[in-house]
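Let me begin by presenting the structure, written as structure tokens, before commenting on it.
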Amino acid sequence: MVEGLAVLESSRNTVRTMATRDIYESGFDEDVRTESSANQCPECDGRVTTNVVETVCEDCGLVINEQRIDHGPEWRAYDDEECERTGAPFTAARHDRGLSTEIGRGTDAKGNEISGKKRRRLARMRREQTRGRWRSKAERNLAHGLGEVRRLASALVLSDSVRDQACQLFRSAQNEDLFRGRSIEGIAAASVYGACRCNGLSRLVDDVSEMARVAESRVTNAYKTLNEEFGLPAEPVSPSMFMPPLASDLGCPDEIRQRARTLAELAEERGVTTGVHPAGFAAACLYKAGEEQGKWVTQSTVAETGNVTPTTVRTHHETLEELAV
DNA sequence: ACGATTATTGCGTTCTT
DNA sequence: AAGAAAACAATAATCGT
């Protein structure tokens, strides 16, 4: 992140010496150069493809960079973020939708031609006015949302790369005009959740929405939209995803953990894990693995650490038995 | 603690207007 | 096409051993 900030600094300095009308393009160019250095995904080394909207890794779905220039350049956003963090709470996020003023061109109010100095002056006014609007609306939303994404990411102890993916998702969402009828917080939470899903991390909507203090339905809705819009390569949540955190919470010996993992993978192959609570099934696998080694833990213990009930563990334990080792 | 039985919840489908 | 409802599966709760 330190490097990123350094780049932002330099791009800002460059920008200030240039003609104002080039600000956005140049800021964008800086972003492109710094973020997509090769045709390889920084996350999984997979192949990346670029379409009109963005550059995406084919394997893991990491959005490497967006190709649109109609979003606020990064230095603005982070600039704002620094301000917002210490300033007043965000209250003016959605007050002027559709109420902004347009400055026409060509003719005056009565339809007469306008020429010369006056027209140039109007053009300048129009440019400045639209610019001012951009700053106050979209970029403000972006800064707010990114702040929220970052807060959630650190609250959920996510790696930097996952967090950045979430940020990119959020930006993409804004570019695609997905905010209408949804809250910034909801989209931010959904972005974080989406990034987790795309990386096979064991976070549930519940975990994210709890941290975000947003109704779970909002997050679900926003995530659904994100998914439809971008076709996120999120694999279905599998029990084996929940194995590592669960096992470490229990202080599980390696031997049992490995056995539980093979059990989980076996069950997943057989397709008996669809529609079940993944953490619950993972807990059941750990229980069975422990049982084979001579009752390592009780049902209620694994159930508790997996946030499910002993009953759930039991039912899954049964299906595991039927799987015939 | 574990197993069996009943209750509840969540969710995709289907039927209706 | 949007909403309501009957239906199903999974999870939770409760009781008995």
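Of the residues A:GLU291, A:GLU228, A:GLU265, the single one that is within 16 Å of DNA strand C (Cβ to nearest atom), assigned to a helix (DSSP H, G or I) and of a type outside the set (Phe, Trp, Tyr) is A:GLU228.
On the given criteria, is A:THR315 outside the structural domain of A:LEU156 (by TED's automatic domain parsing) and away from DNA strand C (no atom under 14 Å from the Cβ)? Criteria not met by A:THR315. Within segment A:268-288, being hydroxyl-bearing (Ser, Thr, Tyr) and not in a loop (DSSP other than H, G, I, E, B) holds for one residue alone: A:TYR287. If you go through segment A:273-304 one residue at a time, how many are within 12 Å of DNA strand B (Cβ to nearest atom) and either crowded, with 18+ Cβ neighbours inside 10 Å or under 20 Å from A:LEU204 (Cβ atoms) (or both)? Count: 15. Taking the condition within 26 Å of A:VAL276 (Cα to Cα), in a helix (DSSP H, G or I) and at pLDDT 90 or above, does A:ALA222 pass? No.
The values are calculated or read from the model by the stated rules, or taken from the named source; none is laboratory data. This one's a predicted model, so the numbers in the text were calculated from it and none came from an experiment. Glycine also receives a Cβ, built like all others from the backbone with ideal geometry; neighbour counts cover every protein chain displayed.
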